1. Which pairs do you get when a residue that is more than 24 Å from Glu12 (Cβ to Cβ), found in the stretch 30-46, comes within reach of a residue that is surrounded by 12 or more Cβ atoms within 10 Å (Cβ to Cβ), reach meaning Cβ atoms under 7 angstrom, with the pair 6+ apart or on two chains?
2. Which residue is modelled with the highest pLDDT, if the candidates are limited to the stretch 1-37 and must be surrounded by 10 or more Cβ atoms within 10 Å (Cβ to Cβ) and outside any helix (DSSP H, G or I)?
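The values are calculated or read from the model by the stated rules, or taken from the named source; none is laboratory data. Everything quoted here is computed from the prediction, not taken from an experiment. Heads up, the Cβs are rebuilt from the backbone with ideal geometry, glycines too, and the neighbour counts pull from every protein chain shown.
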Amino acid sequence: MVKKAAPAPSFENAVAELEQIVHDMENGQMPLDQALAAYQRGTQLLRSCQDALNRAEQTIRTLEAEASGTSDEAQS
C-alpha cells in the first residue's frame, strides 16, 4: 500500500507548527529519536514556508511590473 503525501499546511499553520517544534526542542526534554523526527519535520515546514514566501514575492513582482507598465502607458 502506497502512502499519499499529506497536503502542505497553510503558511500560517506551518509557521505555528514550526514555532512549536523550536520551542519543544529548545526545552531540551525530547528523547533523541523524537528530536530527530522533530528536526526533520521542521526542515519540511521551513521549506514549505520558504516556497510560499517565494511564490508570494514572485506574485508581487508580477503585479508591480504590470502596474508600472500600466502607469507608463497612462503617462504617454
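1. What qualifies is Met30/Asp24; Met30/Ala38; Ala35/Met25.
2. The initial filter retains those residues of the stretch 1-37 that are surrounded by 10 or more Cβ atoms within 10 Å (Cβ to Cβ), namely 8-22, 24-25, 30, 34-37.
This time we only want the ones that are outside any helix (DSSP H, G or I), so: 8-10, 30.
Working: Ala8: 77, Pro9: 87, Ser10: 94, Met30: 91.
Per the stated criteria, the residue is Ser10.
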